[in-house]
Amino acid sequence: MVDNGSLMAAAERLAVFARRRLRAPGLVIGLVGPDGWRHELALGVGDVASGRPLRTDALLPVASIGKTTTAVALLREAHAGRVDLDAAVHEHLPWLPLPTPFGPIRLRHLLAHTGGIVAGLDASPSPTVEALALGETAPGWPPGQRYHYSNVAYALLGLVLERVAGCSYAQAIQRHVLDPCGMTASEAVTTARAQARAATGHLELDDGTFVPAPWVPTASGAGSTLCTAADLGRFLRALLTGDPALLDPDAHEAMLTPALEPGPEEPFGYGLGVEVDTAAGYRRVGHSGDGPGFHGHAHGCTETGVGVVVLCNGPWRPAAAPGGTWVLVDHGLALLRAAALGLAPPEDPAPADEADQDAAAGAGREPPGELAALVGTYAAYNPWVPQVQVRADRDGDGLVLVWPWGDVRPLVALADGSFRVGEDHASPERVRFRAVVEGRPAQVVVSGWPFDRVD
């Protein structure tokens, strides 16, 4: 029997730590532990403009954490005999224009992000339109061979779920996840109506000012559910301990087992809709997610049954960056595990160093010849990826693609006139320039989605 007093002491210690580290409008933390123990706390504001405090019962989008709920729903449909996870996706979506040069891509591959398809850019609120865009790209390797995270893979799985469940995606998530877990304050999908109940999401300007983020209704299997921290904690408990038992034991264990061993540069393995890692010395499972103006985490320890949910109404930051919220999950789990195991609590981690904002990244000398005409800023009406930049690399010999969140990837010229994104020869991500006006392309197509020149 775990002493609840020790768990509460860990929760209070985490609350003090979180207040010192808060660099967002607000966040809600939900904690779970053995024997049904739970605790929630809220910091900051739900809306910067009004200064309204954020409450523990605030409703926030959970973004890609919804991939885990999609996976659970499909696994339950498989247990009921209505779908075979080894079936090819084209068996359920025969209209899908996705080429399969290496053989059929199966539902199990999509669940584990091993189908070899592009990541997707969340460029449409319609999962069907996202699926149709796959006709512009091809898989990079045989299914099941390698891991490559794909939002559009889960958009496809949501469409399959609708067909095998015989209802809308929202109804399937309600039936398979929200109702069994007692998640009565949650919304299965993001609707315009739900915005009235939700906290305000915020984007950060270059000067550090927070402004309201756009609200984008969607019913994608890649992540469209809204939860309170307490409700998401109920789902996390089911994932960690099988309480309530959403899945039979074999399916539950398969879900929490990585499909492939993680590579040397990958921080975690991926099961069926679940991130799995042992970096902290124990099996830690869960998922993170981010969208326009919101991000969150839901991770826990299967050994002790402790878990941490963090839902934030501000932009995602890299884990090691100042203000990143992953440290709350990592440290929170360490504190709760120590309490559950009767160990001395760990020391608080030191603050992260200020991120090295290298203004020279992707801003080298002008590239040679025709490449110079490709340099520019290209934008789209896409709240997830509002723009991309094509810049010269540091040496001025080639080009790089700069994402809005700061990632820089080399563009490697291919024989067909397109460019591969990244050094990996098997990467399915592609860039094509088109609509040339006065010697410069007016548009760049990134893995199937157009961005228009704005400079």
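The values are calculated or read from the model by the stated rules, or taken from the named source; none is laboratory data. These numbers come from a predicted model, not from an experiment. Using ideal geometry, Cβ is built from the backbone for each residue, glycine included, and neighbour counts are taken over all protein chains shown.
Key figures
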| read-out | value |
| --- | --- |
| Spans of helices (runs of 4 or more DSSP H) in region 102-191 with at least 3 residues in contact (Cβ under 8 Å) with a residue 24 or more places away in the chain and over 19 Å from Gly291 (Cβ atoms) | 107-111, 127-132, 151-165 |
| Residues within region 195-239 that are more than 17 Å from the chain's Cα centre (by Cα) and of a type in the set (S, T, N, Q), tallied | 4 |
| Members of region 1-18 that are within 13 Å of Asp35 (Cα to Cα) and buried (at least 18 other Cβ atoms within 10 Å of the Cβ) | Val2, Leu7 |
| Asp35 vs. criteria within 22 Å of Ser6 (Cα to Cα), more than 21 Å from the chain's Cα centre (by Cα) and among the acidic types (Asp, Glu) | yes |
| First in region 260-283 and in the same structural domain as Ala73 (by TED's automatic domain parsing), second anywhere and part of a strand (DSSP E or B) and aliphatic (A, V, I, L, M), Cβ under 8 Å, 6 or more apart | Phe268/Val276; Gly269/Val276; Tyr270/Val276; Gly271/Val285; Val274/Val285; Glu275/Val285; Val276/Val285; Arg283/Val276 |
| Of all residues making up region 39-76, the number that are hydrophobic (A, V, I, L, M, F, W, C), in a strand (DSSP E or B) and out of contact with any Phe, Trp or Tyr (no Cβ under 6 Å at 6 or more places or on another chain) | 5 |
| Any hit, region 311-332, residues being in a strand (DSSP E or B) and at pLDDT 95 or above | yes |
| Ala415 without any contact (Cβ under 8 Å) to a residue 60 or more places away in the chain and more than 21 Å from Ala133 (Cβ to Cβ) | yes |
| Any pair with Cβ under 6 angstrom, 6 or more apart, that starts in region 1-25 at a residue that is within 10 Å of Gly332 (Cα to Cα) and ends at one that is among the acidic types (Asp, Glu) and modelled with pLDDT of 95 or more | Phe17/Asp348 |
| Hits in region 273-304 - residues which are under 14 Å from the mean Cα position of the chain (by Cα), part of a loop (DSSP other than H, G, I, E, B) and of a type in the set (A, V, I, L, M, F, W, C) | Val274 |
| Selection status of Gly120, crowded, with 22+ Cβ neighbours inside 10 Å, closer than 29 Å to Tyr381 by Cα and touching a Phe, Trp or Tyr at 6+ places or on another chain (Cβ under 7 Å) | no |
| Total residues in region 431-441, condition over 15 Å from Arg391 (Cβ atoms), surrounded by fewer than 16 Cβ atoms within 10 Å (Cβ to Cβ) and in contact with a strand residue (DSSP E or B) (Cβ under 9 Å, 6 or more places away or on another chain) | 4 |
| Single match in Pro351, Pro345 (criterion: surrounded by 12 or more Cβ atoms within 10 Å (Cβ to Cβ) and part of a loop (DSSP other than H, G, I, E, B)) | Pro345 |
| Residue that is in the same structural domain as His39 (by TED's automatic domain parsing) and closer than 28 Å to Val152 by Cβ, where the choices are Ala415, Ala344, Ala338, Ala319 | Ala319 |
| Residue list for region 1-38, restricted to those being among the charged types (D, E, K, R) and either closer than 13 Å to Ala199 by Cα or in a strand (DSSP E or B) (or both) | Arg38 |
| Any hit, region 446-454, residues being of a type in the set (Lys, Arg), farther than 17 Å from Ala380 by Cα and surrounded by 15 or more Cβ atoms within 10 Å (Cβ to Cβ) | no |
